[in-house]
1. I'm told residue 71 meets every condition in (1) in a loop (DSSP other than H, G, I, E, B); (2) surrounded by 13 or more Cβ atoms within 10 Å (Cβ to Cβ) except one. Can you identify the failing condition by its number?
2. What is the residue count in segment 28-38 for residues that are open to solvent by less than 100 Å² (accessible area, probe 1.4 Å), part of a loop (DSSP other than H, G, I, E, B) and either touching a Ser or Thr at 6+ places or on another chain (Cβ under 7 Å) or at positive phi (or both)?
3. In the list 83, 50, which residue meets the criterion of being open to solvent by less than 70 Å² (accessible area, probe 1.4 Å) and more than 22 Å from residue 2 (Cβ to Cβ)?
4. One residue is enough: does segment 44-65 have a residue meeting the conditions part of a helix (DSSP H, G or I), touching a residue at least 24 places away in the same chain (Cβ under 8 Å) and among the aromatic types (Phe, Trp, Tyr)?
5. Pull out all pairs, ordered by first then second residue, where Cβ-Cβ is under 8 Å, the residues are six or more apart or on different chains, the first lies in segment 1-23 and is farther than 17 Å from residue 53 by Cα, and the second is part of a helix (DSSP H, G or I).
6. Applying the selection to segment 2-27, what residues are outside any loop (DSSP other than H, G, I, E, B) and either in contact with a Leu (Cβ under 6 Å, 6 or more places away or on another chain) or open to solvent by less than 70 Å² (accessible area, probe 1.4 Å) (or both)?
Amino acid sequence: MYRNAKSRAIRKNLPFEITVEDIIIPDVCPLLEIPLLRVKEKNAASNPSLDRIIPCLGYIPSNIQVISYRANMLKRDCQLKELQMLVTNWEKQLQ
């Protein structure tokens, strides 16, 4: 995770101030509440994934967390407001 993050930071010209010790892997994804399990399949939903909470701030200790690969992919292409709207409208459809 550390080496991949460092490569991404260089490629994207982002700050990189974390150490290996800053990467703390919880037992459960803090966003989707699913167990974090390392499996060989790179894109497995439960794989731990290093997340930049606010992407433009880069890899600084106060801006990283380990979440599931699935949660990171959901966050990747959307804004919080879009997700909130999606959930609100989806709930309306299901009623």
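The values are calculated or read from the model by the stated rules, or taken from the named source; none is laboratory data. Here the structure is a predicted model, which means the values were calculated and not measured. A quick note on method: Cβ atoms are made from the backbone with ideal geometry, for glycine too, and the neighbour counts reach across all protein chains shown. Surface accessibility is based on the protein's heavy atoms, side chains included, excluding ligands, DNA and RNA. Shrake-Rupley method; radii C 1.70, N 1.55, O 1.52, S 1.80 Å.
1. (1)
2. Start the filter on segment 28-38 by keeping residues that are open to solvent by less than 100 Å² (accessible area, probe 1.4 Å), which leaves 28-32, 34-37.
Among the residues that remain, those that are also part of a loop (DSSP other than H, G, I, E, B) are: 29-32, 34, 36-37.
Applying the additional criterion that residues be either touching a Ser or Thr at 6+ places or on another chain (Cβ under 7 Å) or at positive phi (or both) yields 29, 32, 34, 36-37.
Of the residues in that region, 5 qualify.
3. Details: 50 fails: more than 22 Å from residue 2 (Cβ to Cβ).
Only one candidate passes the filter, namely 83.
4. no
5. Cβ pairs passing all conditions: 20/2.
6. The initial filter retains those residues of segment 2-27 that are outside any loop (DSSP other than H, G, I, E, B), namely 2-12, 16, 20-22.
Passing the criteria: 2, 5, 7, 8, 9, 16, 22.
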